[in-house]
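Undergrad: Take this structure first; my questions come after.
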Amino acid sequence: MTSSTPIGPGLDPALPSSQPEPDVAARGEKEVEFRSHWGYAWSRFRRDRFALLGGVIALILVVSALAAPLVAPFDPIEQFAEGLTGDFAIPRAPGSDQFILGTDSLGRDFLSRLIWGGRISITVAVAANIVSITIAVILGGIAGYLGGWSDSVIMRTVDLALGFPALLLQIALATVLPPSLWTVIIVITVFGWVYPTRIFRGQILSLRERPFVEAARALGAGRIRIFAKHLLPHLLPTIIVFSTLRIPTAILTEAGLSFLGLGVRPPTPSWGNLILEGTRFYRTAPWLVLFPGFLIMFTILSFNLLGDGLRDAFDPRESSH
Amino acid sequence: MFNFIIRRLFWAIAIIFAAMTLTFILTYMIPADPARQVAGPQATELEIANVRESLGLNDPVLVQYSRYFWNIIHGDFGRSWMFRRPVTEAVFGRLPASLQLGIAAASVELILGGAIGAISAVYRYKWPDRLSMGIALVALSLPSFWFGLVLLFVFGFLIPIFPLGGYGEVKHVVLPALAVGIPYSAWYARMFRSSIREVMSEHYVRAVRAKGLSGRVVFLRHILPNALIPIVTMWGMDLGSFVGGLALVEVVFGWPGVGWQAVEAARSLDVPLVMGSVLLVSALMAFANLAVDISYRWLDPRVVFD
């Protein structure tokens, strides 16, 4: 289980953490410096059982999202006559021979719908997160590294955004924009960049005072080169941690909007609108509400565990344990 | 202190101004024709044109913006298309319900989160700490609207202790307050735990311990009040954001608050009501945060602004 985790590709998990790498002389000086920092982080990470568990669950969820067409037993929108029972066409309960997690009110295979719904929910959350984090790195970098009026403008905008009623403004945006997956991504991003920008700015602010930045400047490196070559690599662990820890917020926003009927709209399934559809049949078919919610919960839990573990691994001084 | 309050007041006004500009831009972006919405489905082209003219929709953008601005500072937020009455009436009419749920949910999160956080901090690394932090981790992964549906299913349908929805009595507020309060209390428990641990390592705590005070007195008189300061700040801000931020739980429980109304307005493309809700709640939040900032300074005299 340990060796199959995807975190830290290209790292050598076989190396013990407390001892220096045996073949330091064999490699280039610079490369050893870089790898050992990540190597230490990896060795701390792989001893953290909860973080590994979170990582494995997150991996399974992401893979099933990517491979939905291969993994799902049926077409998520195909309606089966045998999917409904009795005179009143009641959905089949979980555990039936053909449909493992039962069927929904239209006789569609619920497991397939959950897998395809997860594909949409996770894709939307990850896409929104990539946009948000990219914006946050650029704005946080500008604010932290350049300072001055650009810092004032960006940080005042951050304060403004934090002062707005987020959910209401997201509802307003979803009303105005045409219903599509892009709208959902935009609506999540509108507030998604705010908190990471603050964090990255603070990080850059302290990094830029470090001696290696002064050294680079003394050697004649320009601002962009210093930012890209010297600051960004040091910011990378923070970026990775926050990319992970912000996924739950994105998932929750998508689920909430879709539950209100303002996010991902049927017939495209998402975990949020599956819950919405399920609420109409909760007396006869409670699994239609319960399963998508459990999946949302597990997704959030796994990304939180993974994110906390990564943070502790990269920065053991601020350990949460 | 006076300068500080004046500066925060200006900030609150800046937020309201920004919200005003933003809602205007969003209203302007709307794909539907507002004149058609106001005139109704049976209106003729001529009637729609008349409505468009009387609403001033043919004027240049800047003229429309200044009119919007002028109306709002005179308390006119427009009329709801859905309810055919002023937006301010519609929003203020729903405010008591939102405040009631907001205060109830905020109380649950503070009491539950505070108790669990304090237990965790006192028994750090022992089983009560590990157990409560484990539960907290699961609790903060709960989507509050889904948790509300589960609570409804279990305590409203399977074991019918509480009503399935509605508003008015204490029994109605219990489940929605728990649906919001339990997931949020997990954040409080985590924050309170680390806040207490931080205060415990302060020199003044060591000093009162050295003086010979009992553990209980040290905890209640010296650790707790200081550890509560960051929590109270967060709580005040939560209270502000709960007024418009609980739309999802309000929808689940049929709770007649500002959020549910905004969702209904969004579904029927009632643009003035959606934007008016955003604007009025922004203003409320700005003043709630102002009050929090002032009380923060009053609670903790060590905090010096500028």
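Undergrad: Limited to the stretch A:158-172, what total is found for residues that are crowded, with 23+ Cβ neighbours inside 10 Å and either more than 7 Å from chain B (Cβ to nearest Cβ) or touching a strand residue (DSSP E or B) at 6+ places or on another chain (Cβ under 9 Å) (or both)?
TA: 1
Undergrad: All but one of (1) touching a Ser or Thr at 6+ places or on another chain (Cβ under 7 Å); (2) more than 14 Å from chain B (Cβ to nearest Cβ) hold for A:R208; which doesn't?
TA: (1)
Undergrad: I'm trying to understand the selection: among the residues of the stretch B:260-284, which are at the interface with chain A (Cβ under 7 Å from one of its Cβ atoms) and within 13 Å of the chain's Cα centre (by Cα)?
TA: The answer is B:S277, B:V278, B:V281, B:S282.
Undergrad: Could you list, in sequence order, all residues of the stretch A:192-240 that are open to solvent by 50 Å² or more (accessible area, probe 1.4 Å), of a type in the set (S, T, Y) and closer than 26 Å to A:W42 by Cβ?
TA: A:S206, the sole residue that qualifies.
Undergrad: Also, quick follow-up: Do we find that A:S180 is within 23 Å of the chain's Cα centre (by Cα), within 14 Å of another protein chain (Cβ to nearest Cβ) and open to solvent by 20 Å² or more (accessible area, probe 1.4 Å) in this structure?
TA: On the way: within 23 Å of the chain's Cα centre (by Cα): yes; within 14 Å of another protein chain (Cβ to nearest Cβ): yes; open to solvent by 20 Å² or more (accessible area, probe 1.4 Å): yes.
It is true that A:S180 is within 23 Å of the chain's Cα centre (by Cα), within 14 Å of another protein chain (Cβ to nearest Cβ) and open to solvent by 20 Å² or more (accessible area, probe 1.4 Å).
Undergrad: Please find, within the stretch B:1-29, the residue that is least open to solvent (accessible area, probe 1.4 Å) out of those that are within 11 Å of another protein chain (Cβ to nearest Cβ) and of a type in the set (F, W, Y).
TA: Of everything passing the filter in the stretch B:1-29, B:W11 is least open to solvent (accessible area, probe 1.4 Å).
Undergrad: Does the stretch B:291-306 contain any residue that is closer than 30 Å to B:R79 by Cβ, in contact with a helix residue (DSSP H, G or I) (Cβ under 8 Å, 6 or more places away or on another chain), open to solvent by 20 Å² or more (accessible area, probe 1.4 Å) and in the same structural domain as B:L228 (by TED's automatic domain parsing)?
TA: Checked against the condition, which is being closer than 30 Å to B:R79 by Cβ, in contact with a helix residue (DSSP H, G or I) (Cβ under 8 Å, 6 or more places away or on another chain), open to solvent by 20 Å² or more (accessible area, probe 1.4 Å) and in the same structural domain as B:L228 (by TED's automatic domain parsing), the stretch B:291-306 yields no hits at all.
Undergrad: Go through the stretch B:178-218 and count every residue that is at negative phi, open to solvent by 40 Å² or more (accessible area, probe 1.4 Å) and over 29 Å from the mean Cα position of the chain (by Cα). Lay out the reasoning, then the answer.
TA: First, pick out the residues of the stretch B:178-218 that are at negative phi: B:178-211, B:213-218.
Restricting the remaining residues to those that are open to solvent by 40 Å² or more (accessible area, probe 1.4 Å) gives B:178, B:182, B:184, B:187, B:190-191, B:194, B:197-198, B:200-204, B:206-207, B:209-211, B:213-217.
Checking which are over 29 Å from the mean Cα position of the chain (by Cα) leaves us with B:200-204, B:206-207, B:209-211, B:213-217.
Qualifying residue count for the region: 15.
Undergrad: Just a yes or no: is a residue in the stretch B:152-168 open to solvent by 50 Å² or more (accessible area, probe 1.4 Å), within 14 Å of another protein chain (Cβ to nearest Cβ) and within 27 Å of B:R267 (Cα to Cα)?
TA: yes
Undergrad: Still on this structure, please answer the following. B:R124: basic (K, R), within 24 Å of B:M234 (Cβ to Cβ), surrounded by 14 or more Cβ atoms within 10 Å (Cβ to Cβ) and within 14 Å of another protein chain (Cβ to nearest Cβ), yes or no?
TA: It is true that B:R124 is basic (K, R), within 24 Å of B:M234 (Cβ to Cβ), surrounded by 14 or more Cβ atoms within 10 Å (Cβ to Cβ) and within 14 Å of another protein chain (Cβ to nearest Cβ).
Undergrad: OK, next. Do the conditions hold for B:V38, that is, is it in contact (Cβ under 8 Å) with a residue 40 or more places away in the chain and either more than 27 Å from A:L177 (Cα to Cα) or of a type outside the set (G, A, S) (or both)?
TA: yes
Undergrad: Tell me the helices (runs of 4 or more DSSP H) entirely within the stretch B:185-262 that contain at least 3 residues that are over 25 Å from B:V138 (Cβ atoms) and in the same structural domain as B:L99 (by TED's automatic domain parsing).
TA: B:203-210, B:224-245
Undergrad: Contact list please: Cβ distance under 7 Å, first residue in the stretch A:165-178 and touching a residue at least 24 places away in the same chain (Cβ under 8 Å) and over 12 Å from B:A262 (Cα atoms), second residue among the polar types (S, T, N, Q) and crowded, with 24+ Cβ neighbours inside 10 Å, pairs at least six apart or on different chains.
TA: Between residues of the stretch A:165-178 that are touching a residue at least 24 places away in the same chain (Cβ under 8 Å) and over 12 Å from B:A262 (Cα atoms) and residues that are among the polar types (S, T, N, Q) and crowded, with 24+ Cβ neighbours inside 10 Å, there is no close pair.
Undergrad: Still on this model: I'm checking my understanding of the structure. Among residues of the stretch A:241-265 that are over 24 Å from B:A139 (Cα atoms), touching a helix residue (DSSP H, G or I) at 6+ places or on another chain (Cβ under 6 Å) and more than 9 Å from chain B (Cβ to nearest Cβ), which one is surrounded by the most Cβ atoms within 10 Å (Cβ to Cβ)?
TA: A:G263
Undergrad: Mind checking which pairs have a first residue in the stretch B:285-297 that is within 12 Å of chain A (Cβ to nearest Cβ) and within 22 Å of B:L95 (Cβ to Cβ) and a second that is open to solvent by 40 Å² or more (accessible area, probe 1.4 Å) and outside any helix (DSSP H, G or I), Cβ under 7 Å, 6 or more apart or different chains?
TA: Pairs found: none.
Undergrad: Same structure again: When you check B:S66 against the structure, is it among the hydroxyl-bearing types (S, T, Y), exposed (fewer than 13 other Cβ atoms within 10 Å of the Cβ), farther than 16 Å from B:T23 by Cα and not assigned by TED's automatic domain parsing to the domain that holds B:M285, yes or no?
TA: So B:S66 does not fit the description; no.
Undergrad: Determine whether the stretch B:124-144 contains at least one residue that is in a helix (DSSP H, G or I) and closer than 18 Å to B:V263 by Cβ.
TA: Yes.
Undergrad: Among the candidates B:S195, B:S185, B:S107, which residue alone is away from every other protein chain (no Cβ under 14 Å) and either free of Cβ contacts under 8 Å to residues at least 24 places away in the same chain or over 24 Å from A:A250 (Cβ atoms) (or both)?
TA: Unique residue meeting the criteria: B:S107.
Undergrad: Would the stretch B:32-48 turn up any residue that is among the aliphatic types (A, V, I, L, M), surrounded by 11 or more Cβ atoms within 10 Å (Cβ to Cβ), within 18 Å of A:T175 (Cβ to Cβ) and more than 14 Å from chain A (Cβ to nearest Cβ)?
TA: Kept after step one, since they are among the aliphatic types (A, V, I, L, M), are these residues of the stretch B:32-48: B:32, B:35, B:38-39, B:43, B:46, B:48.
Filter again for surrounded by 11 or more Cβ atoms within 10 Å (Cβ to Cβ), leaving B:32, B:35, B:38-39, B:43, B:48.
Then drop every residue that is not within 18 Å of A:T175 (Cβ to Cβ), which leaves B:32, B:35, B:38.
In the following step, the residues that additionally are more than 14 Å from chain A (Cβ to nearest Cβ) were identified as B:35, B:38.
Within the stretch B:32-48 (the criterion being among the aliphatic types (A, V, I, L, M), surrounded by 11 or more Cβ atoms within 10 Å (Cβ to Cβ), within 18 Å of A:T175 (Cβ to Cβ) and more than 14 Å from chain A (Cβ to nearest Cβ)), the answer is yes, since at least one residue qualifies.
Here's the yes/no breakdown for (1) buried (at least 18 other Cβ atoms within 10 Å of the Cβ); (2) in a helix (DSSP H, G or I):
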site	(1), (2)
A:A93	no, no
A:L101	yes, no
A:R119	yes, yes
A:A136	yes, yes
A:W149	no, yes
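The values are calculated or read from the model by the stated rules, or taken from the named source; none is laboratory data. Bear in mind the structure is a predicted one, so any value in this text is a computation, not a measurement. Using ideal geometry, Cβ is built from the backbone for each residue, glycine included, and neighbour counts are taken over all protein chains shown. Only protein heavy atoms, including side chains, enter the accessible area calculation; ligands, DNA and RNA are left aside. Shrake-Rupley method; radii C 1.70, N 1.55, O 1.52, S 1.80 Å.
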